[in-house]
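J.: Got a structure for you, questions after.
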Amino acid sequence: MGFDPIGRSKNGEVTGPERQLAMVFDLNKCLGCHTCSMACKTQWTRDEGMESMWWTVVNTMPGRGTPKDWETSGGGFDEAGTARAGRLPTREEFGEAWKFNHDEVLGGNGKPDAHLAPKGDPKWGPNWDEDQGDGEFPNSYFFYLPRICNHCTHPACLEACPRGAIKKRAQDGVVLIDEEDCRGYRFCMEACPYKRIYFNAAKAASQKCIFCYPRLEKGVAPACARQCPGRMRHVGFLDDEQSSVHKLVRKFKVALPLHPEFGTQPNVYYIPPFAPPPLNEDGSANRNGSRIPLDYLRGLFGKRVDEALATIEAEIQKRRDGEKSELLDTLIVYSWPQDIFPDFDGDPSLL
Ligand code: SF4
Ligand code: SF4
């Protein structure tokens, strides 16, 4: 694949890359528009065998997600670093590519009143529970959670592959599957606790997000990040002190990994979501309450979520008081694309 790979060392451990690329997703700016998903789909997953693949998905939370119930499907490592058993999701749980009645709606075959609808009787899809959320009106809530492969520092997929077909690149920590070496055993799919690997039956190979590495090598940001109208996907090296990724993860510590207890040390981080205050019975706002239950957020992002939310709230108050806030300036992204992916601000139309 034309890079210096990191695989297993002789004692079975994975050595770290020289540098690690990361993404930070600001959940307060995600519109749920799925532009990221479509950008990825049109760039990478249009071939035969890839019809049901969404290397980047945007799930509504709380929800059962993609594939269905991925959060309780096992994989990853326990606290001692021992691999946990994982379950292989079915094609139905990922969500099949539905067929629609385009022939009736667009084909002019005598059904002028036909509405667009899926054929058959699908029971699940990649975003079956979109915009449903949880809670009782008027205090119901939801938020969007975009997910890709986390290009983990301790990738359970890599450790599970008996062929050594999964590699972590030395120059940027991107995790890639070598399809020439893959034999389609799918142990990686069981082992990944985020269930971000798909199986291509036409190729008999596992496939997943490649962090758009051919674009990275030309100084262009991944398609999902570049096309995101919410400007919510920051891309950069964790050790680059000038990058927004470094500031949000390491300096201000407000960007957190999803399900850190899965033990793979993800390199995708999230700014936790805020929501309007819940309403009291008389319709007044309960300023001390949290519409999104804090325990739910702790379950997703770990106990550090309290500290992260408190830090952001304190910075918002600083701005209200007329003071400057480097953290809020970083989150706002005044200058696009330089402020959000400084090393990858090349124009994709010139590729
Ligand atoms: S998210 Fe899953 S597929 Fe991606 S590197 Fe981590 S363990 Fe592997
Ligand atoms: S393109 Fe951006 S705003 Fe739209 S769903 Fe994806 S991450 Fe959210």
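J.: Any chance you could count how many residues in region 38-51 are part of a helix (DSSP H, G or I) and either away from ligand 2 (no atom under 14 Å from the Cβ) or surrounded by 21 or more Cβ atoms within 10 Å (Cβ to Cβ) (or both)?
T.: Of the residues in that region, 2 qualify.
J.: Can you tell me which residues in region 234-247 are within 16 Å of ligand 2 (Cβ to nearest atom) and part of a helix (DSSP H, G or I)?
T.: Scanning region 234-247 gives Ser244, Val245.
J.: Could you grab me the full set of residues in region 29-57 that are among the β-branched types (Val, Ile, Thr), more than 18 Å from Glu96 (Cβ to Cβ) and within 16 Å of ligand 1 (Cβ to nearest atom)?
T.: The one that is among the β-branched types (Val, Ile, Thr), more than 18 Å from Glu96 (Cβ to Cβ) and within 16 Å of ligand 1 (Cβ to nearest atom): Thr56.
J.: Can you find a residue in region 120-138 that is buried (at least 22 other Cβ atoms within 10 Å of the Cβ) and under 14 Å from Lys208 (Cα atoms)?
T.: no
J.: Which residue pairs have Cβ atoms closer than 7 Å, lie 6 or more positions apart in sequence or on different chains, and pair a first residue in region 141-154 that is on the phi > 0 side of the Ramachandran plot with a second residue that is more than 14 Å from ligand 1 (Cβ to nearest atom) and in a loop (DSSP other than H, G, I, E, B)?
T.: Once the first residue is on the phi > 0 side of the Ramachandran plot and sits in region 141-154, no partner that is more than 14 Å from ligand 1 (Cβ to nearest atom) and in a loop (DSSP other than H, G, I, E, B) comes close enough.
J.: Moving on to the next point. Taking the conditions exactly as written (within 16 Å of ligand 2 (Cβ to nearest atom), aliphatic (A, V, I, L, M) and buried (at least 18 other Cβ atoms within 10 Å of the Cβ)), does Ile148 satisfy them or not?
T.: It is true that Ile148 is within 16 Å of ligand 2 (Cβ to nearest atom), aliphatic (A, V, I, L, M) and buried (at least 18 other Cβ atoms within 10 Å of the Cβ).
J.: Continuing with the same structure: Checking the structure you have, find out if any residue of region 219-233 is surrounded by fewer than 23 Cβ atoms within 10 Å (Cβ to Cβ), away from ligand 2 (no atom under 16 Å from the Cβ) and in a loop (DSSP other than H, G, I, E, B).
T.: yes
J.: Take region 248-304 and flag every residue that is free of Cβ contacts under 8 Å to residues at least 12 places away in the same chain, in a strand (DSSP E or B) and surrounded by 14 or more Cβ atoms within 10 Å (Cβ to Cβ).
T.: Once the filter is applied, which keeps residues that are free of Cβ contacts under 8 Å to residues at least 12 places away in the same chain, in a strand (DSSP E or B) and surrounded by 14 or more Cβ atoms within 10 Å (Cβ to Cβ), region 248-304 yields nothing.
J.: Which one of these does Tyr185 not meet: (1) aromatic (Phe, Trp, Tyr); (2) touching a helix residue (DSSP H, G or I) at 6+ places or on another chain (Cβ under 8 Å); (3) more than 17 Å from Ser52 (Cβ to Cβ)?
T.: (2)
J.: Report whether or not Asp339 is without any contact (Cβ under 8 Å) to a residue 60 or more places away in the chain and in a loop (DSSP other than H, G, I, E, B).
T.: Spelling it out, it is not the case that Asp339 is without any contact (Cβ under 8 Å) to a residue 60 or more places away in the chain and in a loop (DSSP other than H, G, I, E, B).
J.: Also, I was wondering about something else. Pairs please, first residue from region 107-132 and closer than 21 Å to Ala97 by Cβ, second anywhere and at pLDDT below 90 and among the β-branched types (Val, Ile, Thr), Cβ atoms under 9 Å, 6+ apart in sequence or on different chains.
T.: Cβ pairs passing all conditions: Ala114/Val105; His115/Val105; Leu116/Val105; Ala117/Val105.
The values are calculated or read from the model by the stated rules, or taken from the named source; none is laboratory data. Please read all numbers here as calculations on a predicted model, not as lab measurements. Using ideal geometry, Cβ is built from the backbone for each residue, glycine included, and neighbour counts are taken over all protein chains shown.
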